[in-house]
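Take a look at the structure below.
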Amino acid sequence: MTTYLAVDLGGTKLAAALVADGVLSARQQLNTQSDKSTELLRQNLATLLASFHDQADQVVVASTGIIQDGLLTALNPQNLGGLDHFPIKAEIEAITGLPTLVLNDAQAAAWAEYHAAGGQYANMAFITVSTGVGAGLVIDGQLQIGARGIAGHAGHSLADPNGPVCGCGRKGCVEAIASGTAIGQQGSEVFGENCTGQEVYQRYLAGDEAATAIVSRSATAIAQLVADLTITNDLDAVVIGGGVGLAANYLELVEEALSSLPAVYQPKLLPATCSTDAGLIGAALWAQACSQR
Ligand code: BMX
Ligand code: ZN
C-alpha cells in the first residue's frame with residue numbers, strides 16, 4: 001500500500017498529513033499570513049514537511065492557483081499576498097526527495113467529495129467559499145482538470161457586471177463578491193478598516209443589518225453560480241465547502257436563493273463532508289487513480 005504525504009496549500013493555511021488507502025493521520029497545520037514571498041513559502045513548506053521525513057512513498061499536493069506541469073500560477077495573486085508564480089513540484093521534491101504530484105485545491109476537494117458520496121453523483125460540482133471561491137467539476141465520473149489546469153475555476157465567472165474588480169483583473173467575478181476576503185473588504189467599508197470576513201459573519205449571526213446584506217449578497221452569488229454550473233453541465237449535485245461555505249446558516253441562505261429559481265436550475269445541494277481535509281484526501285485519491293491507469 002502506498003503512503004502519501006498529502007499537502008494542502010491554501011490562501012491562509014498550509015496543512016499536511018499522511019494518507020494511506022483514503023485514511024488520514026498525523027495531520028499538522030501552519031496558519032500562514034496571506035503574505036507569501038517565495039522564500040517564506042519555501043521555509044514554511046520545509047518546516048511543515050520536516051516531521052514527515054521518511055514516512056511516505058510519494059507527495060501529493062492540493063494547492064490554490066492554476067497548476068500546470070507542477071507550476072503554481074495564481075489567477076488571483078492577491079490570495080497569495082502577491083505571489084503569482086511558484087515552482088511547487090520542484091520545491092517540494094527538493095525538500096523531501098520524493099516524487100510529487102500537484103493538483104488545484106478545489107479540483108482535489110471535488111474528487112474527495114465525489115468519493116465521499118460513494119460515486120453516486122456522476123455529475124457534480126464542488127464549490128469552496130473561503131479565501132477565494134474555488135470550484136471543481138466531476139463529469140461522467142471523471143475529474144475535470146483541463147489542458148492548462150484551469151477547468152472548474154468558476155469563482156471567476158461573472159456575478160455582477162457592475163461589481164468590484166477581482167484580483168484576477170476581471171470586473172464582477174463571483175470571488176470578488178462572495179469570498180471570505182470579499183466579505184471582509186465589504187465589511188471594512190461599513191465597520192472600519194481591516195475588518196475580516198469572520199467579523200462580518202459574527203455580526204451577521206448577531207442580527208446586524210449591514211452584515212446580513214453582505215453575507216446574503218455572497219450567498220446569492222453562490223446560488224447563481226450553482227444554477228449556472230447546473231444548467232451548463234447537467235449536474236446531479238453541488239457540494240458546498242470552505243470556511244464561509246460551511247459557516248452556520250450559509251448553506252440555508254444559498255438554498256433559499258436557489259429555491260426562487262425554476263426547478264431545472266436546482267441540483268441536490270449538499271454540505272461538504274470531508275471538511276478541511278478534502279484537499280488532502282482528494283489529492284491522495286487522485287494520485288492513486290493516476291497510478292492505476
Ligand atoms: C482562487 C484561485 C483558485 C483557488 C480558489 C480557492 C489563486 C491563487 N487561487 O480562485 O485556484 O482554487 O481561489 O482557493 O488564484 P482558497 O485558497 O480559497 O482555498
Ligand atoms: Zn476573478
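The values are calculated or read from the model by the stated rules, or taken from the named source; none is laboratory data. Because the structure is a prediction, the values reported are computed rather than measured. Quick reminder, even Gly has a Cβ in these numbers, built from the backbone with ideal geometry, and neighbours come from all protein chains shown. Ligands, DNA and RNA are stripped out before the accessible areas are found, and what is left, the full protein with its side chains, is counted by its heavy atoms. Shrake-Rupley method; radii C 1.70, N 1.55, O 1.52, S 1.80 Å.
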Query raised in the report: If you roll a 1.4 Å probe over the range 138-293 with all protein chains in place, what percent of the accessible area is carbon or sulfur?
Result: 50 percent
**Report entry** the chain - Rg over Rh from alpha carbon coordinates, Kirkwood radius
**Finding:** 0.96
**Report entry** Debye, to nearest 20: dipole size of the range 118-272, +1 on Lys, Arg Cβ, -1 on Asp, Glu Cβ
**Finding:** 360 debye
Report task. For every helix of n ≥ 4 consecutive DSSP H residues, a contribution of -39,500 (n - 2.57) applies; sum these over the chain, divide by its total residues, and give [θ] at 222 nm rounded to the nearest 500 deg cm²/dmol. Result -> -11500 deg cm²/dmol
**Report entry** Straight-distance crosslink candidates among aspartates and glutamates, where the alpha carbon sits under 19 Å from K13 and sequence neighbours closer than 8 are dropped
**Finding:** D35, E39, D84, E91, D105, E175, E199, D277
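Using a 1.4 Å probe on the protein chains only, how many percent of the accessible area of the range 54-99 belongs to carbon and sulfur?
Exposed carbon and sulfur together represent 47 percent of the surface.
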Query raised in the report: Given that compact globular proteins tend to follow 2.2 N^0.38 Å, what is the ratio of the alpha-carbon Rg of the range 118-272 to that value?
Result: 1.01
Report task. Can you tell me the dipole magnitude for the range 1-130 around its Cα centre, using point charges on the Cβ only (Lys, Arg +1; Asp, Glu -1), in Debye to the nearest 20? Result -> 200 debye
Query raised in the report: Where only protein heavy atoms count, and the probe is 1.4 Å, what is the accessible area per residue for the range 1-149 in Å²?
Result: 40 Å²
Query raised in the report: Taking Cα atoms, how many degrees apart are the long axis of helix 105-116 and the longest axis of the chain, rounded to 10 and kept between 0 and 90?
Result: 90 degrees
